[in-house]
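Undergrad: For reference, the structure I am asking about is given below.
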Amino acid sequence: MAEPIIRYFEDLVIGEKVWGVEEVADLDEMVKYAQRYDPWPIHIDEAFARESVFGELIGSSGYAIGLWYSSGGRGIWNRSDSPVALIGGIEMKAKFLNPLRAGDRVRTSSVIEAKRLSSKPGRGIVEETSELVNQSGDVIITAHMVYLIATRP
């Protein structure tokens with residue numbers, strides 16, 4: 001297996017749109033997650049959910065974020081062949097625009113909006129717009145993210 005090619009701050013291109021891997025919202029996983037972390041009736045009670053504006057169970061925001069991170073992490077930021085030299089996240093401002101439904105096939109998209117060197121050596125600051133999009137093109141989550149990325153040694 002070839003050694004991974006690390007992508008540094010300098011390698012990230014402003015304006016380039018990249019897509020993560022596809023994830024599928026699994027009903028059993030959605031409900032299990034909600035029972036443990038977000039037990040609102042809209043996430044765990046089918047009878048209640050049928051009478052709601054959604055007409056069915058929907059995934060909690062935490063579960064949706066998990067799919068968003070998994071899709072983007074495995075497909076964009078932490079690919080086995082070319083991981084980004086991520087130091088850490090600084091800021092996230094997210095909006096939840098549409099419900100996540102069981103069976104939805106979702107992918108994360110990412111566009112680097114801006115980047116600048118940090119005042120500390122060896123690191124840069126990257127601003128990104130990220131979205132979790134379903135198979136119909138509906139945006140489930142949109143977020144403005146700010147990361148700290150290592151510069152090339």
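Undergrad: Report the residue count in region 21-54 for those that are more than 20 Å from residue 133 (Cα to Cα), crowded, with 18+ Cβ neighbours inside 10 Å and touching a residue at least 24 places away in the same chain (Cβ under 8 Å).
TA: Qualifying residue count, region 21-54: 3.
Undergrad: Kindly provide the set of residues from region 117-133 that are charged (D, E, K, R) and part of a loop (DSSP other than H, G, I, E, B), ordered by number. Quick ask: steps written out before the conclusion?
TA: Step one: list which residues in region 117-133 are charged (D, E, K, R), which gives 120, 123, 127-128, 131.
Matches in region 117-133: 120 only.
Undergrad: Looking only at residues that are of a type in the set (A, V, I, L, M) and part of a loop (DSSP other than H, G, I, E, B) in region 100-116, which one is farthest from residue 63 (Cα to Cα)?
TA: First pass over region 100-116, keeping only residues of a type in the set (A, V, I, L, M): 100, 102, 106, 111-112, 114.
Filter once more, so that each one left must be part of a loop (DSSP other than H, G, I, E, B): 100, 102.
On the way: 100: 9, 102: 11 Å.
Here the residue is 102.
Undergrad: Restricting region 85-100 to residues that are within 10 Å of residue 140 (Cα to Cα) and of a type outside the set (Phe, Trp, Tyr), which is surrounded by the fewest Cβ atoms within 10 Å (Cβ to Cβ)? Steps first, answer last, please.
TA: Applying the first criterion (within 10 Å of residue 140 (Cα to Cα)) to region 85-100 yields 95-100.
Of the ones still in play, those that are also of a type outside the set (Phe, Trp, Tyr) are 95, 97-100.
Numbers: 95: 10, 97: 12, 98: 16, 99: 19, 100: 24.
Applying the filter and picking the extreme gives 95.
Undergrad: Further question: Considering only region 134-153, state which residues are polar (S, T, N, Q) and part of a loop (DSSP other than H, G, I, E, B).
TA: At the first step, the residues of region 134-153 found to be polar (S, T, N, Q) are 134-136, 142, 151.
Selection gives 135, 136, 151.
Undergrad: Among the helices (runs of 4 or more DSSP H) lying completely within region 1-96, list those that include at least 1 residues that are more than 21 Å from the chain's Cα centre (by Cα). Full working, then the answer.
TA: Details: elements: 27-37, 41-44, 46-50, 61-72.
Those helices (runs of 4 or more DSSP H) span 27-37, 41-44, 46-50.
Read the figures in this text as sums done on the coordinates, not as results from a lab. Quick caveat: nothing in here was measured; it's all calculated off a predicted structure. Note: ideal-geometry Cβ built from the backbone for every residue, glycine included; neighbour counts use all protein chains shown.
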